[in-house]
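First the structure, in the form of structure tokens, and then the observations on it.
Read-outs: derived from the displayed coordinates by stated rules, not from any lab. Note that this is a predicted model, so its numbers are computed, not measured. Neighbour counts are summed over all protein chains in view; Cβ atoms, including those assigned to glycine, are modelled from backbone coordinates with ideal geometry.
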Amino acid sequence: MAILIKGGRIITDSEDRIADVYAEGETIARIAEDIDPASVPDADVIDAMGKYVFPGFIDPHVHIHLPFMGTNAIDDHASASRAALVGGTTSLIEMICPGPDDEPQAAFDEWNALAQAGCCCDFGFHLSVVRFDELARTQVRALVESGQVASFKVFLAYKGALDIPDEQLLSLMEMARELGVIITAHCENAEAIDAKQQQLLAEGKTGPQWHEPSRPRSVEAGGVRHLCEFAERTGAHVYIVHTSCGDAVEQANAARSRGVNVFVEAVAPHLVLDKAYAERPDFEGAKFVMSPPLRDACEHALLWSGLASRDVVTIGTDHAPFKFHGQKDMGVDAFTRIPNGIPGVQERVDLVHTFGVCAGRIDLATMVDACSVQPAKIFGMYPRKGAIAEGSDADLVVYDPSFVGTFSVSDGLSQVDYCGYEGMERRGRAEVVVLRGCMVARDGHYVGGEGGGRSIPRALTH
Ligand code: URP
Ligand code: ZN
Ligand code: ZN
């Protein structure tokens, strides 16, 4: 099995040059200005003239198996990973989200078995810790020491379901520091949200448009400040997921200037959509209910400029697919029962290219850095992933920047029944996607086999 990608413009965080890439087996064997196809007669030759060649993109924040808010997200590992691959994402990191009564080892086994059986792209996990008692402490340590887990997840939201009490959070962070494990965190304030939700519902404010007012920017910024204070006390490294607003980024910046190791993630919905979507009539706004919520459109510029300055280092999706009919409508009488989440694992790369690069908000190097290189580095996968280099996995995306189309649910491989970006102009498309030397997607279609995704070995880098 060999592939020769000829004449493309190789773009990484640090390189921008025309060259050929030759992959033999699962890895990149040679990069040179002109590799003669006759010298590699067994290779499939892909003409990449006029195209970009990117390292396979990595989505650092995805939900697939997600029992949550009385239902389960609709994708399985096959549908979500195929959607990812068609969109140019060759690796994803899924959140393992057990409930408060579940044990960490059993949760890991459950999620891992599903991914091993169905995932078509490569994968890793962040392990959510919702209860940190003696049993959890022993199991979590064992999962890290056996190399199965390299990052944790905590929720400072979802009171009574996923949130972790402060004293347990502190002791988890102490262990994370000792083991060299980074903590990814959903930063809001569960108590403040709960109180505001009850007040709004009591006033008869039950529609999806009240979701954002129930969890204002200050609640998110306060959550970031709180987590960073604990990071300062414990020395743990922290990664703030799905940061939606400038106030939250500022709190992270302030902590970083005090020496806290804090990384900030943006996700596609917060960069492109705004709270007006959640205000759409006839309950359509429910499609756009996620947490933290979509904000005022003026926050977009703050997040994009944070990316340009690298205060915000990664872009994920927070892919959390719940059907509009049959799942989102569980909250028709109360916005607090609308399953939170917006799908997007397929659309991310094109959204970032369209609304980031083509709009002049970030350059191509920043796009690759945020969507591939930094996720690989922060989560211990670099340079196996996130690089176009000899010896790296041959995860490659031949990208056509001149493609123009529209986002539509009809092109989606996710099982969800809507697209959050329906009808928006789309600039660019992954023309050919290669996973470990194998072509798996072409022109928006999945052409790979059943399963085949592998667990990614990860180093403890913190
Ligand atoms: O609304 C969201 N983000 N749903 C998925 C769960 C989470 O908080 O990440
Ligand atoms: Zn979250
Ligand atoms: Zn999430």
- 11 Å beta-carbon shell around Thr366, net charge (K/R +1, D/E -1): -1
- Query: Under 23 Å from the Cα of Lys51, which lysines turn up, not counting those fewer than eight places away in the same chain?
  - Reply: Lys6, Lys385
- Sum of side-chain charges, Val40 neighbourhood, beta-carbon under 11 Å (Lys, Arg +1; Asp, Glu -1): -3
- Separation of the Ser305 and Thr206 label points, Cα + 7 Å toward Cβ, nm: 4.2
- Note on the structure: Here the range 132-148 yields Karplus 3J(HN,Hα) values (6.51, -1.76, 1.60; θ = phi - 60°; whole Hz; Gly and Pro given as x) of 10, 8, 4, 5, 4, 4, 5, 5, 5, 4, 5, 5, 6, 5, 8, x, 8
- Note on the structure: So the angle from the long Cα axis of helix 217-234 to the longest Cα principal axis of the chain, reported in degrees to the nearest 10, equals 80
- Task: Lys and Arg at +1, Asp and Glu at -1: add these up for the other residues within a Cβ distance under 12 Å of Val53 and post the number.
- Result: -3
- Message: Over the chain, what portion of Cα pair distances is larger than 40 Å, expressed as a whole percent?
- Response: 14
- With r as the distance between the Cβ atoms of Thr138 and Ser408 and R0 = 45 Å, compute the FRET efficiency 1/(1 + (r/R0)^6) and round to 0.05. 0.40
- Task: Be a star and scan the range 129-147 for residues whose amide nitrogen sits under 18 Å from the point 7 Å along the Cα-to-Cβ vector of Glu110.
- Result: 129-133, 135-137, 139-140, 143
- Over what distance in Å are the Cα centres of the range 366-432 and the range 282-338 separated? 19
- Express as a percent, rounded to the nearest 5, the fraction of DSSP beta bridges in the range 52-200 (both residues included) that run antiparallel. 10
- Label point at Thr27 placed 7 Å out along Cα→Cβ; residues across the range 383-413 whose backbone nitrogen lies under 13 Å: 383-385, 389-395
- 0 to 90° range, to nearest 10: angle between helix 190-202 axis and the chain longest Cα axis: 70
- Semi-axes (Å, rounded, descending) of the ellipsoid equivalent to the range 10-71 per its C-alpha gyration tensor are 35, 16, 10
